[in-house]
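Notes for the one structure printed next.
The values are calculated or read from the model by the stated rules, or taken from the named source; none is laboratory data. Just so it is clear, the model here is predicted, and its values are computed rather than measured. Reconstructed Cβ throughout: ideal geometry from the backbone, glycine too, with neighbour counts over all protein chains shown.
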């Protein structure tokens with residue numbers, strides 16, 4: 001069954017009236033620019049992905065107003081050229097939705113991905129995360145939060161670097177620790193504790 005108003009349902013995930021208002025405004029802007037509603041209609045799993053991202057942000061920051069002004073690094077943020085790991089076809093599920101959401105909530109996201117991020121409204125860098133030292137150009141302690149959730153599920157990544165997975169995972173985790181400022185937040189999908197002692201499971 002197709003969701004009639006997926007944006008309203010996503011906005012309702014806010015835990016306070018203020019959060020619900022912020023989400024409604026942010027998702028409305030994303031819909032205008034990136035056709036979120038029509039993409040959810042075409043790929044129903046996108047609604048669940050967006051709901052997960054909203055939940056991660058509320059778990060990490062508490063009130064969504066706390067996100068404003070925060071520098072957030074999104075490692076393997078997704079791109080406009082991503083393909084489904086199941087079908088191999090172009091998919092909206094792996095577009096840079098977290099960064100888009102962060103922009104509209106007033107954060108300062110920096111997206112890292114090897115795919116196409118041209119014309120996105122956030123700072124982004126095209127980087128092959130399988131290359132040693134790929135994130136060395138970013139300054140130590142320069143982020144209030146780091147998000148990483150989709151790198152190892154990417155079909156492009158698995159095709160290029162599948163055999164080096166554990167080496168790359170260790171390097172990414174080292175870089176996350178280096179890039180987070182003291183007291184910063186790690187928003188991770190593998191259930192490891194965040195820097196503040198929170199669990200951010202995905």
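Some points to look at:
- Enumeration of residues in the range 37-60 that are closer than 19 Å to residue 147 by Cβ and free of Cβ contacts under 8 Å to residues at least 40 places away in the same chain: 48
- Residue check for residue 119: exposed (fewer than 15 other Cβ atoms within 10 Å of the Cβ), at pLDDT 85 or above, touching a helix residue (DSSP H, G or I) at 6+ places or on another chain (Cβ under 9 Å) and more than 16 Å from residue 53 (Cβ to Cβ): no
- Scope the range 153-202; condition over 17 Å from the mean Cα position of the chain (by Cα), farther than 20 Å from residue 128 by Cα and at pLDDT below 65; matching residues: 193, 195, 196, 197, 198
- Those residues of the range 46-94 which are touching a helix residue (DSSP H, G or I) at 6+ places or on another chain (Cβ under 7 Å) and closer than 15 Å to residue 30 by Cα, in sequence order: 46, 47, 49, 50, 51, 53, 54, 92, 93
- Filtering the range 127-148 to residues that are exposed (fewer than 15 other Cβ atoms within 10 Å of the Cβ) and at pLDDT 95 or above leaves 136, 137, 139, 140, 141, 142.
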